[in-house]
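Okay, structure first, notes after.
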Amino acid sequence: MTQKAGQGARRQDGDGLAEITARFARPLRSFFRKRTRNEQEADDLVQEVFCRLAAREQPGAMDNAEAYIFQMAANLLRDRARRYATRTAADRTMEAGGASSFEEISPERVLLGKQRLALLERVLGELPERTRVIFLLHRFEELKYAEIAGRLEISVSSVEKHMMEAMRQIKTRFERDEDR
């Protein structure tokens with residue numbers, strides 16, 4: 001691609017972003033204002049949507065720009081709500097228990113943690129391979145059941161069954177270990 005062609009492509013994408021900004025700034029601001037009831041936060045969220053769009057390779061090239069942009073806006077609100085809930089819960093915990101609510105990291109506690117981790121590793125090693133893989137993908141890679149099903153080419157129902165089996169075996173072994 002020549003330099004001129006590259007500049008033309010960049011200018012076109014920039015123009016696409018400018019058109020999207022002009023078209024969606026007011027509706028987005030209204031969308032966020034109704035849900036946050038905070039003018040500054042609504043403006044910040046609108047800015048975040050456009051920053052994310054600008055980070056796309058071709059911000060102007062979307063099949064259904066309105067659906068895409070408002071889905072992105074809804075996702076931003078969900079993320080905001082999660083962060084707020086986490087922060088609020090942590091604040092309440094701190095206020096309720098004070099500084100003494102944190103357990104001291106004693107040698108006994110470290111040893112217990114190592115023993116429990118070793119038990120989990122043994123239990124995972126005893127699981128059938130597919131069940132272990134599904135458990136690890138969900139719990140440690142944080143994939144959703146549908147993503148795992150697609151990756152392993154199995155049904156979501158099968159993923160659910162493998163997860164239930166893994167959880168059952170882990171729970172059984174941990175309960176048995178605690179009884180000793």
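The values are calculated or read from the model by the stated rules, or taken from the named source; none is laboratory data. Because the structure is a prediction, the values reported are computed rather than measured. Using ideal geometry, Cβ is built from the backbone for each residue, glycine included, and neighbour counts are taken over all protein chains shown. For the accessible areas, the whole protein counts, side chains as well, though only heavy atoms, and no ligand, DNA or RNA atoms are used. Shrake-Rupley method; radii C 1.70, N 1.55, O 1.52, S 1.80 Å.
When the accessible area of the chain is computed with all protein chains present and a 1.4 Å probe, what percentage of it is carbon and sulfur?
Carbon and sulfur atoms account for 50 percent of the accessible area of the chain.
For the chain, what is the accessible area per residue in Å² when the probe is 1.4 Å?
Accessible surface, normalised per residue, equals 74 Å².
Can you report the principal axis dimensions of the chain using only the alpha carbons, biggest first, rounded to whole angstrom?
71, 47, 33
For the chain, modelled as a GNM with alpha-carbon contacts under 10 angstrom, which of Ala85, Ala73, Ala149 fluctuates the most?
Comparing Ala85, Ala73, Ala149 in the GNM, the peak value goes to Ala149.
Treating only the Cβ of Lys, Arg, Asp and Glu as charged (+1, +1, -1, -1), what charge dipole size does the chain show about its Cα centre? Round to the nearest 20 debye.
Rounded to the nearest 20 debye, it is 320 debye.
Using a Gaussian network model of the chain with C-alpha springs under 10 Å, which one of Asp79, Asp91, Asp63 is most mobile by mean-square fluctuation?
In this elastic network of the chain, the residue with the biggest mean-square fluctuation among Asp79, Asp91, Asp63 is Asp63.
For the chain, modelled as a GNM with alpha-carbon contacts under 10 angstrom, which of Leu28, Leu124, Leu45 fluctuates the most?
Among Leu28, Leu124, Leu45, the largest mean-square fluctuation in the Gaussian network model of the chain belongs to Leu124.
May I ask which residue of Leu77, Gly125, Asn38 lies farthest towards the positive end of the charge dipole of the chain, with charges of +1 (Lys, Arg) and -1 (Asp, Glu) on Cβ and the Cα centre as origin?
Of Leu77, Gly125, Asn38, it is Asn38.
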